[in-house]
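Visitor: One structure is given below, represented as structure tokens, and several questions about it will come after.
The values are calculated or read from the model by the stated rules, or taken from the named source; none is laboratory data. Quick caveat, the model's predicted, so the values are computed rather than measured. Cβ coordinates were reconstructed from backbone atoms using ideal geometry, including for glycine residues, and neighbour counts include every protein chain displayed. Only protein heavy atoms, including side chains, enter the accessible area calculation; ligands, DNA and RNA are left aside. Shrake-Rupley method; radii C 1.70, N 1.55, O 1.52, S 1.80 Å.
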Amino acid sequence: MRLWSLHPKYLDSQGLVALWREALLAQAVLRGRTRGYRHHPQLARFRLHPSPVSSVNAYLSAVQVEASARGYAFDRSKVGPVRRVTAISVTTGQLEYEWGHLMAKLALRNPPLCKKFLALKLPECHPLFRVRAGGVADWERQ
């Protein structure tokens, strides 16, 4: 499971579809509707949010907006109610780590997209997150 802190606009089609699927799984876990992945470290920051399900709904909503902008038909009804939620902090170190991880994936899967982003040093974060200084998150498996 990878719930990117990066803005979904940087993902290729394969990455965007995978993110949608994995965020829906995260939503099911946080709603208590599945027994798998309950202890997955990627869910830590959502669990710590005052409204875990609302935060993952907001996360999914931004993914769905990006998908719609690209002409994909991700089912909006799966997002659930979207409320204004407090932003989740993400560190510059976490964004840098994820950026390197994504660029390695794109170099193999989608070299033209990788090349397009090569000059970008620190990408935008997902709209749910707010950037602060710091290293890689404790929950990240490196």
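Visitor: If you check G36 against the conditions, is it farther than 20 Å from G15 by Cα and open to solvent by less than 70 Å² (accessible area, probe 1.4 Å)?
Guide: yes
Visitor: Same structure again: Can you name every residue in segment 93-142 that is within 23 Å of P50 (Cα to Cα) and within 15 Å of the chain's Cα centre (by Cα)?
Guide: Those that are within 23 Å of P50 (Cα to Cα) and within 15 Å of the chain's Cα centre (by Cα): Q94, L95, C125, H126, P127, L128, F129, R130, V131, A137, W139, E140.
Visitor: Something else about it: Just to be sure I understand, how many residues within segment 39-91 are among the hydroxyl-bearing types (S, T, Y), within 19 Å of W20 (Cα to Cα) and either surrounded by 17 or more Cβ atoms within 10 Å (Cβ to Cβ) or under 12 Å from the mean Cα position of the chain (by Cα) (or both)?
Guide: 4
Visitor: On to the next question. When the residues of segment 104-142 are narrowed to those that are farther than 19 Å from Q14 by Cα and aromatic (F, W, Y), which ends up least open to solvent (accessible area, probe 1.4 Å)?
Guide: Filtering segment 104-142 for residues that are farther than 19 Å from Q14 by Cα and aromatic (F, W, Y), the one least open to solvent (accessible area, probe 1.4 Å) comes out as F129.
Visitor: Could you look through segment 1-33, keep only residues that are among the small types (G, A, S) and under 26 Å from R109 (Cα atoms), and pick out the one that is surrounded by the most Cβ atoms within 10 Å (Cβ to Cβ)?
Guide: Result: A23.
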